[in-house]
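Notes follow once the structure below has been shown.
The values are calculated or read from the model by the stated rules, or taken from the named source; none is laboratory data. All of these numbers come straight from a predicted model, not from anything done at the bench. Backbone-built Cβ (ideal geometry, glycine too); neighbour counts: all protein chains shown. Ligands, DNA and RNA are stripped out before the accessible areas are found, and what is left, the full protein with its side chains, is counted by its heavy atoms. Shrake-Rupley method; radii C 1.70, N 1.55, O 1.52, S 1.80 Å.
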Amino acid sequence: MPRVPLRWVLWDIKDTLLKVRGSVGDHYSKEAERWGLSLHPAEINAAFQETYRRYSSRYPNYGSSQGQTGQTWWIGVMRDTLAECKVNDPALLNTMANNLYQDFCNAEKWEVFRDSKTALERCSSLGLKLGVVSNFDNRLETILRSCGLLSSFSFVVTSEEAGVAKPSPAIFHQALQKCGTSADRVAHVGDHYVYDYLVSRSVGIHGFLLDRDNSHKEGAVPQEHRVVTLDELPSRLQDLMIE
């Protein structure tokens, strides 16, 4: 049976195409400085990690099934993180959390990996259409626009908008509907072994694992499904475009 040629590439975003610049603690401590407070980034990072885990467990996918929005969820995380670091004034907590929520829409909070834009351009030049499937809140389009990446994509599916998050296959099914084609004409690339690689392959998509730290070199991922940089991806995709 002849192979169906590839037409689309779906992309994860965070830790695939971009990452937080520096650390969360760095950004929160700078906001605190604006209000005359001295908070240590390492203390903030520890408080954030614990608070983020707690919220993700109690209110998965930004609490979308519990009446929350990404904004209310994140402001809760930010308030509780700062409160753990002994910021006690409720009005100040609200102000700082709202400021941080808005600030993370800006490009200066994010670092685009050096291979991201070139890979997107090379994939587009092959005639492939590009879309986004990301566990992210609805600020994502604004962030991608700010970072100069949004115009590369035909659509963006966030887990907040979709109402489901990876590792649910349902978010990939929503993306396939937007592609308007069958799964065997679609590839996906992301940095998470389960959420990106295994789940995309479970629905028939050609999943690729971006393994920037080379941690899956001896793992269960076939070498032809694994890339260490995005520079390697276009040639892998080109192989799938041959009928």
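Restricted to region 193-218, and to residues that are polar (S, T, N, Q) and free of Cβ contacts under 8 Å to residues at least 24 places away in the same chain, which residue is farthest from Thr229 (Cα to Cα)?
Going through the qualifying residues, I end up with Ser215.
Do we have any residue at all in region 128-136 that's open to solvent by 30 Å² or more (accessible area, probe 1.4 Å), under 14 Å from the mean Cα position of the chain (by Cα) and closer than 27 Å to Thr72 by Cα?
So the first thing to find is which residues in region 128-136 are open to solvent by 30 Å² or more (accessible area, probe 1.4 Å), and the list is 129, 135.
Within this subset, residues satisfying the condition of being under 14 Å from the mean Cα position of the chain (by Cα) are 135.
Subsequent filtering for residues that are closer than 27 Å to Thr72 by Cα retains 135.
Within region 128-136, one or more residues are open to solvent by 30 Å² or more (accessible area, probe 1.4 Å), under 14 Å from the mean Cα position of the chain (by Cα) and closer than 27 Å to Thr72 by Cα.
Can you tell me which residue is least open to solvent (accessible area, probe 1.4 Å) among those in region 142-174 that are part of a loop (DSSP other than H, G, I, E, B) and out of contact with any Phe, Trp or Tyr (no Cβ under 9 Å at 6 or more places or on another chain)?
Leu149
Which one of these is touching a Gly at 6+ places or on another chain (Cβ under 9 Å), among the basic types (Lys, Arg) and more than 16 Å from Thr69 (Cβ to Cβ): Lys117, Lys129?
Details: Lys129 fails: touching a Gly at 6+ places or on another chain (Cβ under 9 Å).
None of the others qualify; the one that does is Lys117.
Please work out which residue is least open to solvent (accessible area, probe 1.4 Å), limiting yourself to region 190-204 and to residues that are touching a Lys or Arg at 6+ places or on another chain (Cβ under 9 Å) and assigned to a loop (DSSP other than H, G, I, E, B).
Of everything passing the filter in region 190-204, Asp191 is least open to solvent (accessible area, probe 1.4 Å).
Do we have Ser29 as modelled with pLDDT under 95 and either under 17 Å from the mean Cα position of the chain (by Cα) or in a helix (DSSP H, G or I) (or both) here?
Working: modelled with pLDDT under 95: no; either under 17 Å from the mean Cα position of the chain (by Cα) or in a helix (DSSP H, G or I) (or both): yes.
It is false that Ser29 is modelled with pLDDT under 95 and either under 17 Å from the mean Cα position of the chain (by Cα) or in a helix (DSSP H, G or I) (or both).
Considering only region 5-25, state which residues are of a type outside the set (Gly, Ala, Ser) and open to solvent by 40 Å² or more (accessible area, probe 1.4 Å).
So in region 5-25, the residues of a type outside the set (Gly, Ala, Ser) come out as 5-21, 24.
Of everything in region 5-25, those that are of a type outside the set (Gly, Ala, Ser) and open to solvent by 40 Å² or more (accessible area, probe 1.4 Å) turn out to be Arg7, Lys14, Asp15, Lys19, Arg21.
Can you work out which of the residues in region 101-141 that are assigned to a strand (DSSP E or B) and not aromatic (Phe, Trp, Tyr) is farthest from Ala183 (Cα to Cα)? Steps first, please.
The initial filter retains those residues of region 101-141 that are assigned to a strand (DSSP E or B), namely 110-112, 129-134.
Adding the requirement that they be not aromatic (Phe, Trp, Tyr) leaves 111-112, 129-134.
Details: Glu111: 31, Val112: 28, Lys129: 14, Leu130: 14, Gly131: 13, Val132: 15, Val133: 14, Ser134: 17 Å.
Filtering region 101-141 for residues that are assigned to a strand (DSSP E or B) and not aromatic (Phe, Trp, Tyr), the one farthest from Ala183 (Cα to Cα) comes out as Glu111.
Among the numbered criteria (1) under 17 Å from Lys19 (Cα atoms); (2) open to solvent by less than 60 Å² (accessible area, probe 1.4 Å); (3) over 17 Å from the mean Cα position of the chain (by Cα), which single criterion is violated by Leu92?
It fails just one condition, (1).
Within region 26-81, count every residue that is open to solvent by less than 20 Å² (accessible area, probe 1.4 Å) and among the hydrophobic types (A, V, I, L, M, F, W, C).
Residues in region 26-81 being open to solvent by less than 20 Å² (accessible area, probe 1.4 Å) and among the hydrophobic types (A, V, I, L, M, F, W, C): 6 in total.
Can you name every residue in region 175-186 that is more than 14 Å from Ser154 (Cβ to Cβ) and either open to solvent by less than 20 Å² (accessible area, probe 1.4 Å) or free of Cβ contacts under 8 Å to residues at least 24 places away in the same chain (or both)?
Ala183
Please name all residue pairs, on different chains or six or more residues apart, with Cβ atoms under 7 Å, provided the first residue is in region 81-110 and is free of Cβ contacts under 8 Å to residues at least 60 places away in the same chain and the second residue is exposed (fewer than 14 other Cβ atoms within 10 Å of the Cβ).
If the second residue must be exposed (fewer than 14 other Cβ atoms within 10 Å of the Cβ), the pairs left are Leu92/Trp35.
From the list Gly207, Gly148, Gly219, Gly190, which residue is small (Gly, Ala, Ser) and at pLDDT below 95?
Gly219
May I ask you to list the residues in region 205-230 that are exposed (fewer than 15 other Cβ atoms within 10 Å of the Cβ) and over 19 Å from the mean Cα position of the chain (by Cα)?
Asn214, Ser215, Lys217, Glu218, Gly219, Ala220, Pro222, Gln223, Glu224
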